[in-house]
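Nothing in this text is a laboratory measurement; each read-out follows from the coordinates by a stated rule. Just so we're clear, the structure is a prediction, and the values are computed from it rather than from any experiment. Counting neighbours? That spans all protein chains shown, and the Cβs are built from the backbone with ideal geometry, glycine included.
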Amino acid sequence: MQDADTLKEYRKQCQQAMDDEFLRQAMDSFAKAYRSNRVKAFSGMNEKELIAEIAAAKDAAIVRLPELYEEFRVKAERAGVHVHLARTAAEANEIICLIAKEHGCRRIVKSKSMTAEETMLNHRLEADGLTVTETDLGEWIIQLRHEGPSHMVMPAIHLSRYQVAELFTDVTRKQQDSDIEKLVKVARRELRAKYIEADMGISGANFAVVETGGIGIVTNEGNARLVTTLPRVHVALCGVDKLTPTLHDALRIIKALPRNATGQAITSYVTWITGANACAAGPQGKKEYHIVFLDNGRLALARDPDFRQILRCVRCGACANVCPVYRLVGGHRMGHIYIGAIGLLLTYFFHGRDKAKNLIQNCINCGACKEVCAAGIDLPGLIKKVHARIQNEEGHPLPSVLLAKVMSNRKLFHTLLKTARWGQKPVKDGSTGYLRHLPMIFGREQNFRALPVVADQAFRDEWPAIRPQVDQPRYRVALFSGCVQDFVYPEQLKAGVKVMSGHGVAMEYPMGQSCCGLPLVMMGESKAARDVAEQNVKAMDPARCDYIVTLCASCASHLKHAYPKMLAGDPSLAEAARAFAAKIIDFSSFVSEVLGVDRNDFRPQAGQAGTAYHSPCHLCRGLGVTEAPRRLLREAGLNYVPSAEEDVCCGFGGTFSMKFPEESRELLKKKLDNVAASGAGELVTDCPGCVMQLRGGAEMRGDALRVRHIAEALAERKK
Ligand code: SF4
Ligand code: SF4
């Protein structure tokens, strides 16, 4: 399938992928099995410490790549290896073609190499009349189908055994059984002959170890051993980012790689090759051995402090394995060559803006990739930065410019929201609290969830009347509402105030606060997002409170993590932004851990229907809060019923759900199906955005499910 030129075409391609029933099922079963296998594989290990060590070692190497290359070259050449550095993909292909020509090679066997996919090496070799056979089973399958890989570790994950049996029947001209063992045997039989005939073997490399001058290859099938030993010429193609100072550094990565890639404790084969080995068919009884290092933008990336952490990637593929979007659309739609979260980034840096401009927007910012990344890369943060960079390079789309103008002017933004109260009258359904018809700007594809009306009175307008009076407070709290709760769901804030009342909490609601700015970041409007951050830090004045409490998980995570970074470059604001971020706390943690609210605060009630919980992405992964809300549900006497995949995104993602409604709809469906399967009659969560998505979705489906913010569920039972 061709790369899409426009976002509309790209969405169409994603929809086609979502319509592929087999793909959906394969992705779903893999995603579910992977989650539990990964947990088992890391059990008993300090996973976070290991990841931090890998990240630190990679960072130290990235800034020394030119030096490491020179050291490696000298060592490897001493051991009889020819070392090349290709500046571009075309240059790498040219070098390999020349090696083949000089040594009279006609038949080539290859083991799996994403770097060779990046340079499109096979096309170039075939154009020179060479015969290339992929020997990794998955790669062979996709080569026969003339496709690219749909996963970095499992390239043919999108295909069923029946499709493979059909393919093998065509190739062997003999009817093949769809039994997997039998299919593997067919491949083995067909491929063995190719190894024997081949003049040249091409491999990738997971490591180029500087202290030994050798390479390391991690595989599961053993084909790389045959590729690198049987033919008389061996060429290893690897990115310069694979330069690893010591064997110890490489072994540390190997501890994480198979666990993260496929949930295996160890991989089947690790092959170390140092120097040109003995080879009866080679010149002077030695293997003709070349290593081609590929730059293709990597050395420039290593000099870019904003993005160099991308080069930490060890290509485990875990960022795809856990990505809810990848799970829906598969690898061919989630990256140009490299796939998953890292694929969105590498597409921009290795293949250019045109290939990346649509893909980069297909991230819901759920943070699942960041949580599992073997190299601790801030993938969602970098994806947003690349999106903003592309917009700065290409020009900002009109809706995004307008949104930025409105949102960075608090008074204008709030006036428009208040005016919407009147504007919505013709489409407002007074009895349900939803818009009866969606305004034209939303389009029909948004019809998968009912949208709420703007509240009659904003929270900020009610605040003077409801503000609790507290003598001798234990805590001074500033409430940060975010715009959804302020203008659409003020009842959630009022419930929060009720739950916190009676615990010696003096609350303020600073009127100068505005939207947290996350929607602007999601739209690639980094300048406006920064301006809004400045307004909020000034308005909230962290010196005047002990805590800044917010009932919106997305706001909390954005205020805490993004503000200090966004304002770090301004000496007059950097300190205030850090103080502000340090005081941010989510509602559940504040109520449970600071106030120590427990069962004594609630009225006992018998015979409760089950209550399911949806764990918002920005709470469980953004802030690492998992226990506090569940503890509160139990303390309040709610009959908490666990449901499957509680921490998987509900599909809201703010502006994502407007841009990719088809994907948002599917994620919502999965979530509501899981809740329905739990038998719960109520669903609570900690984020107004999730409430909007889940409540509106349940309404459209006609589910008898009550969806509420956790503050509302607690307030109802408060004594
Ligand atoms: S943040 Fe979520 S949606 Fe975005 S790439 Fe990572 S896992 Fe996928
Ligand atoms: S970005 Fe992280 S999770 Fe993704 S492939 Fe690279 S190391 Fe693995």
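Exposure proxy ranking for Leu683, Leu567, based on other Cβ atoms within 10 angstrom of each Cβ and starting from the fewest, stands as Leu567, Leu683. Between Gln485, Leu714, Ile62, the Cα set farthest toward the positive side of the dipole of the chain (charges on each charged residue's Cβ, about the Cα centre) is that of Leu714.
Order of Cys483, Cys515, Cys687, Cys617 from fewest to most other C-beta atoms within 10 Å? Taking fewest neighbouring Cβ atoms as first place, the list is Cys483, Cys515, Cys617, Cys687. With a/c under 1.5 counting as rounded, go ahead and sort region 412-585 into rounded, prolate or oblate using the C-alpha gyration tensor (a ≥ b ≥ c being the square roots of the eigenvalues; past the cut-off, prolate if a/b is larger than b/c, else oblate). Oblate, because a/c is 1.5 or more while a/b does not exceed b/c.
The Cα center of region 375-434 and the Cα center of region 133-189 differ in position by 46 Å.
Electrostatic bookkeeping for Lys12 treats Lys and Arg as +1 and Asp and Glu as -1; over the other residues with beta carbon under 14 Å from its beta carbon, the sum is -4.
The residue list Ile585, Tyr34, Thr135 was ranked by how far each Cα lies along the charge dipole of the chain toward its positive end, using unit charges on Cβ atoms, and Ile585 comes out on top. Full extension of the chain segment joining Glu67 with Ala609 gains 188.6 nm, where the gain is 0.36 nm per residue of separation less the Cα-Cα distance. For region 599-717, the dipole from Cβ point charges (+1 on Lys and Arg, -1 on Asp and Glu) about the Cα centre works out to 160 debye, to the nearest 20. For a straight C-alpha distance cut-off of 20 angstrom, the lysines reachable from Lys538 (same-chain residues fewer than eight places away being disregarded) are Lys405, Lys411, Lys527, Lys560, Lys565, Lys583. Counting only residues at least eight positions apart within a chain, or on another chain, the lysines with an alpha carbon under 23 Å from that of Lys185 are Lys110, Lys112, Lys174, Lys194.
As a rough footprinting exposure proxy, the listed residues Trp140, Trp463 were ranked by other beta carbons within 10 Å of their own, and the order from fewest upward is Trp463, Trp140.
Using a cutoff of 8 angstrom between alpha carbon atoms and counting only pairs six or more residues apart, the relative contact order for region 228-385 works out to 21 percent. Each Lys and Arg contributes +1 and each Asp and Glu -1, all at the Cβ; summed about the Cα centre of the chain, the dipole is approximately 680 debye.
Within 9 Å, Cβ to Cβ, of Trp140, how many net charges do the neighbouring residues add up to if Lys/Arg are +1 and Asp/Glu are -1? Computed value for this residue: -4.
Here the dipole of region 296-435 is about 340 debye; that uses its Cα centre as origin and unit charges on the Cβ of Lys and Arg (positive) and Asp and Glu (negative).
A dipole drawn for the chain from +1 and -1 charges on Cβ atoms has a positive end, and of Thr169, Leu435, Phe207 the residue lying farthest that way is Leu435. Cross-link partners for Lys718 among the lysines, with Cα-Cα distance under 21 Å and sequence neighbours closer than 8 places in the same chain left out: Lys494, Lys498.
With Cα atoms defining each centre, region 626-692 and region 1-68 are spaced 23 Å apart in the structure. Per residue, the average separation of C-alpha pairs within less than 8 Å and at least 6 apart gives region 62-299 a relative contact order of 29 percent.
Helical runs assigned H by DSSP (4 residues or longer) give the chain a calculated mean residue ellipticity at 222 nm of -14000 deg cm²/dmol, each run adding -39500 (n - 2.57) before division by the residue total. Compared with the direct C-alpha span, the chain from Phe22 to Asn600 gains 202.9 nm at full extension, assuming 0.36 nm per residue. Antiparallel beta bridges, as assigned by DSSP with both residues in region 564-719, represent about 10 percent of the total such bridges. Charged neighbours of Asn358, selected by a Cβ distance under 12 Å, balance to +3 (K, R count +1; D, E count -1).
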